[in-house]
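Worksheet: one structure, shown below.
The values are calculated or read from the model by the stated rules, or taken from the named source; none is laboratory data. Quick caveat, the model's predicted, so the values are computed rather than measured. With ideal geometry, Cβ positions are generated from the backbone for all residues, glycine too; neighbour counts draw on all protein chains shown. Side chains are part of the model used for accessible areas, which takes the heavy atoms of the whole protein and leaves out ligands, DNA and RNA. Shrake-Rupley method; radii C 1.70, N 1.55, O 1.52, S 1.80 Å.
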Amino acid sequence: MKFKLFLLASLLNSIMIFSQCTIPSGLFVTCISFNSVLANWTPQVDADHYKIQYRIVGASAWTDLYNIAGIDSSKHIPSLQSATTYQWKIKSF
């Protein structure tokens with residue numbers, strides 16, 4: 001029983017260490033058009049991939065952009081409504 005608990009604790013500790021990527025920084029946007037934008041960030045050396053979430057300011061639901069390569073430092077966000085303010089965030093994995 002002690003071995004099983006030790007193994008489980010070791011596994012959980014490894015998962016927690018693996019899942020702790022740094023948070024991307026230097027967020028800014030460029031190439032702003034009437035219905036799209038280019039989201040930019042400083043790439044993280046430990047990132048395998050990123051996920052961007054964006055929404056209209058005040059909305060509760062986020063739209064996700066998945067599987068952005070870890071070497072990327074920008075992503076086109078399409079299909080935005082004109083004359084509307086958005087917010088976005090990014091997470092590394």
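Residues that are within 16 Å of TRP41 (Cα to Cα) and of a type outside the set (A, V, I, L, M, F, W, C) were ranked within the range 73-84; the one that is surrounded by the fewest Cβ atoms within 10 Å (Cβ to Cβ) is HIS76. Scanning the range 51-72 for residues that are more than 13 Å from TRP88 (Cα to Cα) and open to solvent by less than 50 Å² (accessible area, probe 1.4 Å) turns up ILE68, ALA69, GLY70. Residue selection: TRP88 satisfies the criterion of being touching a residue at least 60 places away in the same chain (Cβ under 8 Å) and in contact with a Lys or Arg (Cβ under 9 Å, 6 or more places away or on another chain). What number goes with the only condition from (1) open to solvent by 60 Å² or more (accessible area, probe 1.4 Å); (2) modelled with pLDDT under 95 that PHE28 does not pass? Of the numbered conditions (1) open to solvent by 60 Å² or more (accessible area, probe 1.4 Å); (2) modelled with pLDDT under 95, the odd one out for PHE28 is (2).
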